[in-house]
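Chemist: Here's a structure for you.
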Amino acid sequence: PTLEKELLPLYFGWFLAKRDEDFLRKTSHDFLEQLGNLKAFKKRLPAFGYEDKQKLDLLKHFAKSPNILHCTAKFCDYGKVLGSEEYAQQEAVKKAYSRGYTLHISALFATPRTVGAQVDLTADQLLVWPLDAEKEVMPRDNLPRGSRAHITLGTAAEVQDVQTGIDLLEFVKLQQSRSDGENLGELTGLVAGKVSYCDNGMWMLNLSRKIEVKSIYSGYYG
Ligand code: ACK
C-alpha cells in the first residue's frame, strides 16, 4: 500500500472543555449586557455604528457565535496556507497534540465588528505559537509574540471570525503607543474589572481576576 500524506486540519488550536465553554458564553453575555448599559457606552453609540440614543442590543448586534469556542494557534486551511506542513511537523506540535492546557483570559473586548477574549499564553503554549502570527497582520509593528491569541465570542452579521485577532492586535498596538485608553467605568460580578475606551468604538474590559478555562490542543478538520 502507498503511504498517504498526513492530513492537515482547517486549523490547530486549543478547544475549550464543554463546561468551561458554557461558562465563557455566559460570561460573554454578561459582559455585553453590562457594557451596553454603561452610560459611557451609550454616549458613544455613533462610534459603534448606531445613531445617538438608538436602542442597541449588543447580544443581537453580535449575531454570530462560533460553534466551538477555541483559541486558534495556526490556521492551515487543510494545507493551503504556506508553512502549515512545516508547522504540523514540529516536535513541539506533535508533543502538544491532544494534551490538556489551561488558558488564561486577562481581558474581554468588543468592537463594532467582534467580541472576544484576550488569552495570555504561557511559555509552554508559546512553543506551538507560529512565529509570524502577529507579523502577518501588522508587518511593520513589533508586537510581542502571542499578542494575537484570542477566543472569538461573536461577530457582527457580515464579519468573519478572523477579524477578532486583527481587532485584538489593534488594541495592543494602541495600548503600546498611548497608555491604556480612557478609563470609563467598572463592571461587576462574573466580569469584574475596569472598562477602557480606545476610540473607534473599541472597548476593553481588563478583568480584575483572570478567567481560567480548560482546553485541549488539537486540530479541527470539519
Ligand atoms: O476566531 P478565529 O481565531 O478566526 O477562529 C477561526 C478559525 O480560524 C476557523 O475559521 C481563524 N482564521 C480564519 N482565517 C484565518 C487566517 N487567515 N489567519 C488566521 N486565522 C484565521 C478564525
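The values are calculated or read from the model by the stated rules, or taken from the named source; none is laboratory data. This structure is a prediction, so every number in the text was calculated from the model and none was measured. Heads up, the Cβs are rebuilt from the backbone with ideal geometry, glycines too, and the neighbour counts pull from every protein chain shown.
Chemist: Can you confirm whether Gly219 is within 15 Å of the ligand (Cβ to nearest atom) and more than 19 Å from Leu24 (Cα to Cα)?
Modeler: yes
Chemist: Could you please let me know if Lys53 is on the phi > 0 side of the Ramachandran plot, free of Cβ contacts under 8 Å to residues at least 12 places away in the same chain and surrounded by fewer than 12 Cβ atoms within 10 Å (Cβ to Cβ)?
Modeler: Spelling it out, Lys53 is indeed on the phi > 0 side of the Ramachandran plot, free of Cβ contacts under 8 Å to residues at least 12 places away in the same chain and surrounded by fewer than 12 Cβ atoms within 10 Å (Cβ to Cβ).
Chemist: Working carefully through the options Gly185, Gly193, Gly189, Gly165, find the one that is away from the ligand (no atom under 16 Å from the Cβ) and closer than 18 Å to Gly116 by Cβ.
Modeler: Working: Gly185 fails: closer than 18 Å to Gly116 by Cβ; Gly189 fails: closer than 18 Å to Gly116 by Cβ; Gly165 fails: away from the ligand (no atom under 16 Å from the Cβ).
Unique residue meeting the criteria: Gly193.
Chemist: Do we find a residue being within 21 Å of Met204 (Cα to Cα) and either away from the ligand (no atom under 16 Å from the Cβ) or within 18 Å of the chain's Cα centre (by Cα) (or both) anywhere in the range 10-21?
Modeler: Yes, the range 10-21 has at least one match.
Chemist: Hey, among the residues in the range 133-176 that are among the charged types (D, E, K, R) and touching an Asp or Glu at 6+ places or on another chain (Cβ under 9 Å), which one's surrounded by the most Cβ atoms within 10 Å (Cβ to Cβ)?
Modeler: Out of the qualifying residues, it is Arg148.
Chemist: Can I ask one more? Given (1) within 16 Å of the ligand (Cβ to nearest atom); (2) on the phi > 0 side of the Ramachandran plot, identify the lone condition not met by Lys135.
Modeler: Result: Lys135 passes all but (2).
Chemist: Now for a different question. Counting residues that are in contact with a helix residue (DSSP H, G or I) (Cβ under 8 Å, 6 or more places away or on another chain), which strands (runs of 3 or more DSSP E) fully inside the range 149-220 reach at least 3?
Modeler: 150-155, 182-187, 203-220
Chemist: Looking only at the range 50-109, how many residues end up being hydrophobic (A, V, I, L, M, F, W, C), out of contact with any Asp or Glu (no Cβ under 8 Å at 6 or more places or on another chain) and either under 27 Å from Thr27 (Cα atoms) or not in a loop (DSSP other than H, G, I, E, B) (or both)?
Modeler: Residues flagged as hydrophobic (A, V, I, L, M, F, W, C), out of contact with any Asp or Glu (no Cβ under 8 Å at 6 or more places or on another chain) and either under 27 Å from Thr27 (Cα atoms) or not in a loop (DSSP other than H, G, I, E, B) (or both) within the range 50-109 amount to 11.
Chemist: I'd like the full set of residues that are touching a strand residue (DSSP E or B) at 6+ places or on another chain (Cβ under 9 Å), in contact (Cβ under 8 Å) with a residue 60 or more places away in the chain, surrounded by fewer than 19 Cβ atoms within 10 Å (Cβ to Cβ) and not aliphatic (A, V, I, L, M), limited to the range 207-222.
Modeler: The answer is Lys210, Glu212, Lys214, Ser218, Tyr220.
Chemist: Answer yes if at least one residue in the range 62-79 is modelled with pLDDT of 95 or more and acidic (Asp, Glu), and no otherwise.
Modeler: Yes, there is a match, as at least one residue in the range 62-79 is modelled with pLDDT of 95 or more and acidic (Asp, Glu).
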